[in-house]
Amino acid sequence: AGDEVVQLYLHDQVASVTRPVKELRGFSRIQLKAGESKRVEFKLGPADLGFWDRDMKRVVEPGKFDIMVGASSADIRQRATLEVANK
């Protein structure tokens, strides 16, 4: 039994400016009994996908984002890809 901190990281595959390889965008501390598993949900919105561009404007660019979930940035256990399209 113990606590686990589930962490959500994003990576913008192609951006107009250099972006982090893994950017922490959420976390949740959960308590687990021995042998137990739990489902953890995260909600992502425009603020989570956006960044400051070269003109210092907050933008969300179209493209693919890697979504990674794990116990730490070095211990990624689930991966998915999200595609953001033009409006």
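The values are calculated or read from the model by the stated rules, or taken from the named source; none is laboratory data. Owing to the predicted nature of the structure, the values given are computational and were not obtained by experimental measurement. Cβ sites come from the backbone with ideal geometry, for glycine too, and all protein chains shown count toward neighbours. To get the accessible areas, we keep the full protein, side chains included, count just its heavy atoms, and leave off ligands, DNA and RNA. Shrake-Rupley method; radii C 1.70, N 1.55, O 1.52, S 1.80 Å.
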>> Sequence gap at least 6, Cα distance under 8 Å: using those rules, report the relative contact order of the chain to the nearest whole percent.
In response: 32
> What is the sum of charges around residue 42, taking Lys and Arg as +1, Asp and Glu as -1, for the other residues whose C-beta is under 12 Å from the C-beta of residue 42?
Replying inline: +1
> Hey, what do the phi angles of the range 63-80 turn into as Karplus ³J(HN,Hα) couplings, whole Hz, using 6.51/-1.76/1.60 and θ = phi - 60°, x for Gly and Pro?
Replying inline: x, 9, 10, 7, 10, 10, 10, x, 7, 6, 5, 8, 10, 7, 10, 9, 9, 8
>> Counting only Cα atoms, I'd like the Rg/Rh figure for the range 19-87, Kirkwood definition for Rh.
In response: 1.04
> Can you pull out the trypsin sites (Lys or Arg not before Pro) in the range 23-78 that DSSP calls coil and that have at most 10 other Cβ atoms within 10 Å?
Replying inline: 33, 39, 43, 54, 57
> Using a 1.4 Å probe, how large is the accessible area of residue 42, given in Å² and rounded to the nearest 10?
Replying inline: 60
>> Placing unit charges on C-beta atoms (Lys and Arg positive, Asp and Glu negative, everything else neutral), compute the dipole magnitude of the chain about its Cα centre in debye, rounded to 20.
In response: 120
> So, in nm, how far is label residue 56 from label residue 30 when the simple model puts each one 7 Å beyond its Cα toward the Cβ?
Replying inline: 4.2
>> Given a 1.4 angstrom probe, I'd like the percentage of the accessible area of the chain that is carbon and sulfur, rounded to a whole number.
In response: 49
